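Working notes for the structure below.
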Amino acid sequence: MAQAKTPSGAKPPFSQAGGPPLYSNGYKAAVLGLLLATYTFNFIDRTIIATIGQAIKVDLKLTDTQLGLLGGLYFALLYTLLGIPIARMAERWNRVTIISVSLVIWSGFTALCGSASSFAQLALYRFGVGVGEAGCSPPSHSLISDYYEPKKRASALSIYSFGIPLGTMFGAVAGGWLAQEFSWRVAFVIVGLPGILLAVLVKLVVKEPPRGHSEVKERPLEAEDVVIEPAKPPFSLVNEFKELGAVMAVLFGKWPVLHMMLGVTIASFGSYGSGAFVPPYFVRGFGLGLAQVGLIVGLIGGFSAGVGTLVGGFLTDWSGKRSAKWYALVPALGLLICTPIYITAYLQTDWKMLALILLVPGIFHYTYLAPTFGVVQNSVEPRRRATATALLFFFLNLIALGGGPWFTGWLIDHLAQFNFNHPGSTGIFHALGGAFTEPGAASFTAQCPGGLAPKGSPADLAALCKGAMARSTQQGIIVLLCFYAWAALHYALAAIGMVKHMRERAAAQA
């Protein structure tokens, strides 16, 4: 019998009677490694602005609100809006092609950011980066779920998600060094261009598997075996809205999945919001150089967040064999433990002690990523997985990535106004209250453009600007860290009914 072709047109090397082809473990690991590299570049280009943000702020005379918009909303807006239609394309078309093209687009716009001469121009290029990155995770999650069976899916997704700390680390280390030794413009160009070469490699190496390939147990090829892929419904707007409605009914209509969604969104709000101003805090609070800050933040993120991301996936796959509720309880416990450790770290007056303590909480903090992605992927049919990821990322990134950095920057600007006029004030709650009830006589923005006193200003004004900026950044970060405890509550609530939900999903897939 003639062997059927995969959607990409290439015959698979192995297959199963009436089912999907068999890919070797080595090949699946290679695919996962390339997708990990893609997601690493995704986060390098997404988060580098946090590392070099202080240099951009001083050069272009920006406020922290504007800096937050560049790192958050202006990137996230088109990123989230385009994620859903691109995901619907990924349910029908070649996912590898979509990922490769998207990688070229966001890498090119990252490089273009280095040519920006104004806030408006830089904002426009950041929109472009968001357009490209919209085509990364939805098709990638769908591909990984087709390559790896449900019991290994959270672990595989944790390896893919390891691109977050890897990208943050490389972006921080390379971006900080390049910005200090050359300029922030050079940093954008150097980190952006290599992604184009990676896009070519992904397209040449990664094969497009049939949908639902990993849902059936694999076995070696037999002569008469064929590949049968589930039929796709004919394209129409009515069908598209029905598909979106079906996925939303799962994400928002099932108690465990809803609270996993709320948990990841709130935790990411705190993470994106605080993380955008951690590198500037090391500069403002301790006077460190950009290269040194990049090395500190990069190594801390690469270690603690990296360990936490991997532990979250492998630990929940292991514990989930005993009870599915651990897919929610592991993140709940991790977020609850990390919150007071983070706050303790940012109350330190010595940057070395701050950096040392920060090695610990990320191990607990980032356990929430992989189990959340795993539960979402396991809760929908194979043909709806890219859509499920896109909808998850739509709400997560529009609220968390779009709002977190902007809110933190806006909060820091208000706190700076208060601290500038009340330099002797102590206590974060006093500062928070005063920031919104006492506008103050002197304008911090006017007196300290870009957060610094103009050249030739009196020494006391320079010290006042510097102190207000450092104290306000510290306070803003601490406020956002408290969101982790709030997210932990939702993950705890997600454990209620998780066993029943996952049992129902397994029965539906049988």
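The values are calculated or read from the model by the stated rules, or taken from the named source; none is laboratory data. Keep in mind the model is a prediction, meaning the values are calculated, not measured. Cβ atoms come from the backbone with ideal geometry, glycine included; neighbour counts cover every protein chain shown. Ligands, DNA and RNA are excluded from the accessible area calculation, which covers all protein heavy atoms including side chains. Shrake-Rupley method; radii C 1.70, N 1.55, O 1.52, S 1.80 Å.
Structural remarks
- Taken over segment 93-102, the criterion of being part of a helix (DSSP H, G or I) and among the polar types (S, T, N, Q) is satisfied by T97, S100, S102.
- Scanning segment 1-45 for residues that are within 25 Å of M89 (Cα to Cα) and modelled with pLDDT under 50 yields a count of 11.
- Within segment 363-405, the set of residues being of a type in the set (G, A, S) and open to solvent by 10 Å² or more (accessible area, probe 1.4 Å) comprises G403 only.
- Pairs, first touching a residue at least 12 places away in the same chain (Cβ under 8 Å) and hydrophobic (A, V, I, L, M, F, W, C) in segment 110-121, second open to solvent by less than 50 Å² (accessible area, probe 1.4 Å) and outside any helix (DSSP H, G or I), C-beta under 9 Å, six or more apart: F119/L62
- Among the candidates G108, G130, G195, residue that is open to solvent by less than 10 Å² (accessible area, probe 1.4 Å), touching a Gly at 6+ places or on another chain (Cβ under 9 Å) and closer than 23 Å to I48 by Cβ: G195
- Look at (1) under 24 Å from L22 (Cα atoms); (2) out of contact with any Pro (no Cβ under 7 Å at 6 or more places or on another chain); (3) modelled with pLDDT of 85 or more and you find that A123 fails only one, number (1).
- Test: residue in segment 466-473 that is open to solvent by 40 Å² or more (accessible area, probe 1.4 Å) and modelled with pLDDT of 85 or more: yes
- Residues considered: I56, I48. Of these, the only one that is assigned to a helix (DSSP H, G or I), closer than 22 Å to L411 by Cα, at pLDDT 90 or above and not polar (S, T, N, Q) is I56.
- Residue selection: H490 fails the criterion of being open to solvent by 10 Å² or more (accessible area, probe 1.4 Å) and modelled with pLDDT under 90.
- Selected residue [touching a helix residue (DSSP H, G or I) at 6+ places or on another chain (Cβ under 6 Å), at pLDDT 85 or above, open to solvent by 20 Å² or more (accessible area, probe 1.4 Å) and closer than 29 Å to G171 by Cα] from L299, L258, L310, L262: L262
- L70 vs. criteria more than 27 Å from P210 (Cα to Cα), outside any loop (DSSP other than H, G, I, E, B), touching a residue at least 40 places away in the same chain (Cβ under 8 Å) and out of contact with any Lys or Arg (no Cβ under 6 Å at 6 or more places or on another chain): no
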